[in-house]
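Worksheet: the structure to be examined is printed underneath.
The values are calculated or read from the model by the stated rules, or taken from the named source; none is laboratory data. Computed from a predicted model, the values in this text were never measured in an experiment. Cβ placement follows ideal geometry from the backbone for every residue including glycine, while neighbour counts extend to all protein chains displayed.
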């Protein structure tokens, strides 16, 4: 259990316990285990079980199903960051002979490749992977259901292809690459493709009676990169900390941030969430959660991280169906974030100030619209409208003296500081838009010029 110095308030702990106890009872699952992390430390864990004295703990393995996909996506992005592939590359460039045509690595990561959701019969999650010894057995005869890149269509075979891509690029098995490049650096020693005691058994609970049936735990073979892994709440919270901030030993912050960006248009009516690159992103109760849910016969899993609140939650259950596990995990994040809001770090001045940048701060006008340019703690610039509505962005410096937008309307756009011959600043050029110190400053290079008579009243 967690130490007293790290624990939450008793009222918060009770609310968390009540949430998982209700989920286990109403969801009719043999056992349920959960844990919460705040500011990088485990602050609560709890479990409920149908057998007195045998509740799982933070070291008990459960199968995590499609949470495995997030690990596979990280391995692919490592290949990209090393220059071994481009996400825009067709899969066939690196893994020829799949018959997937022009489907790209990016489309496979974001489930927009148009591939089928499942492999051909028999049901792959309850049968041994030896029944599907080759990629042709995983993909079947009808490879494409939709035009690539047009819509989000979740595909387990798509992540099988990505696992084979990793193996081809590394010359080693997906499991070995995973262990070497993610699990060992992050200290996830209780995560792997095969169960190791102590681990939970998977069960099916009869929908209309309080009776149970054991579920098989098959080795998924080629399908492993889509859903094979077993893990613990303790290990997945280590992974949650990585997803929140990145880790240069595994994947840098910029690439982890890329995983959270929408990869395809959302389905109609699904505007509160999207799928990035191996990550689900949902918006609920005013906060953004990143992570993934997972299920295999006998098991349910969910991991959600709120980076704004610096809170993460993991929930496992050993039932084929039952509690809405993603909602339970999100509810644990809500309880902590709302009952014990994050205490902000003390404000501190910058260690040093660039006088030329400081001179750029303050009001700037795009036409008549007032904007404010300010320095950010990370030595960047931030441009926002004065009323807080409309276009804005953060910018980071380039070596050539220009700045590039990091987010918002101006993401990827170039900000230039345009100077007169004497070195004084004439205006800011942002993607061809001119920002001046005064509304339509006649001394600045305003496109279309400024009327020589200047501003006037109705009777002038």
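Key figures
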{"item": "Within region 206-261, helices (runs of 4 or more DSSP H) holding 3 or more residues that are outside the structural domain of residue 195 (by TED's automatic domain parsing) and crowded, with 20+ Cβ neighbours inside 10 Å", "result": "233-245"}
{"item": "Test: residue in region 44-58 that is over 28 Å from residue 196 (Cα atoms) and in a loop (DSSP other than H, G, I, E, B)", "result": "no"}
{"item": "Looking only at region 267-291, and only at residues there that are touching a residue at least 40 places away in the same chain (Cβ under 8 Å) and in a loop (DSSP other than H, G, I, E, B), the one that is farthest from residue 150 (Cα to Cα)", "result": "285"}
{"item": "So residue 460, is it at pLDDT below 90, out of contact with any strand residue (DSSP E or B) (no Cβ under 6 Å at 6 or more places or on another chain) and more than 30 Å from residue 345 (Cβ to Cβ)", "result": "yes"}
{"item": "Selected residue (criterion: nearest to the chain's Cα centre (by Cα)) from residues of region 138-169 that are surrounded by 15 or more Cβ atoms within 10 Å (Cβ to Cβ) and either free of Cβ contacts under 8 Å to residues at least 24 places away in the same chain or assigned to a strand (DSSP E or B) (or both)", "result": "167"}
{"item": "Hits in region 416-460 (condition: more than 20 Å from residue 359 (Cα to Cα), within 40 Å of the chain's Cα centre (by Cα) and surrounded by 13 or more Cβ atoms within 10 Å (Cβ to Cβ))", "result": "433"}
{"item": "Residue satisfying all of: in region 379-388; part of a loop (DSSP other than H, G, I, E, B) and surrounded by 14 or more Cβ atoms within 10 Å (Cβ to Cβ); modelled with the lowest pLDDT among these", "result": "379"}
{"item": "Considering residues of region 32-61 that are more than 20 Å from residue 333 (Cα to Cα) and more than 27 Å from the chain's Cα centre (by Cα) only, the residue surrounded by the most Cβ atoms within 10 Å (Cβ to Cβ)", "result": "56"}
{"item": "Flag if residue 333 is within 30 Å of residue 14 (Cβ to Cβ) and touching a strand residue (DSSP E or B) at 6+ places or on another chain (Cβ under 7 Å)", "result": "yes"}
{"item": "Any hit, region 277-285, residues being in contact with a strand residue (DSSP E or B) (Cβ under 7 Å, 6 or more places away or on another chain), more than 24 Å from residue 405 (Cα to Cα) and either crowded, with 20+ Cβ neighbours inside 10 Å or not assigned by TED's automatic domain parsing to the domain that holds residue 62 (or both)", "result": "yes"}
{"item": "Test: residue in region 349-359 that is surrounded by fewer than 13 Cβ atoms within 10 Å (Cβ to Cβ), in contact (Cβ under 8 Å) with a residue 40 or more places away in the chain and farther than 30 Å from residue 310 by Cα", "result": "yes"}
{"item": "Residue among 84, 77 that alone is buried (at least 18 other Cβ atoms within 10 Å of the Cβ) and over 15 Å from residue 226 (Cα atoms)", "result": "77"}
{"item": "Strands (runs of 3 or more DSSP E) wholly inside region 292-378 that include at least 3 residues being farther than 30 Å from residue 434 by Cα", "result": "299-306, 311-317"}
{"item": "Filter result (surrounded by fewer than 23 Cβ atoms within 10 Å (Cβ to Cβ) and either part of a helix (DSSP H, G or I) or not assigned by TED's automatic domain parsing to the domain that holds residue 222 (or both)) within region 88-124", "result": "92, 93, 94, 106"}
{"item": "Residue among 67, 16 that alone is modelled with pLDDT of 95 or more, assigned by TED's automatic domain parsing to the domain that holds residue 160 and in a helix (DSSP H, G or I)", "result": "67"}
{"item": "Subset tally (residues that are under 20 Å from residue 191 (Cα atoms) and assigned to a helix (DSSP H, G or I)) for region 19-43", "result": "0"}
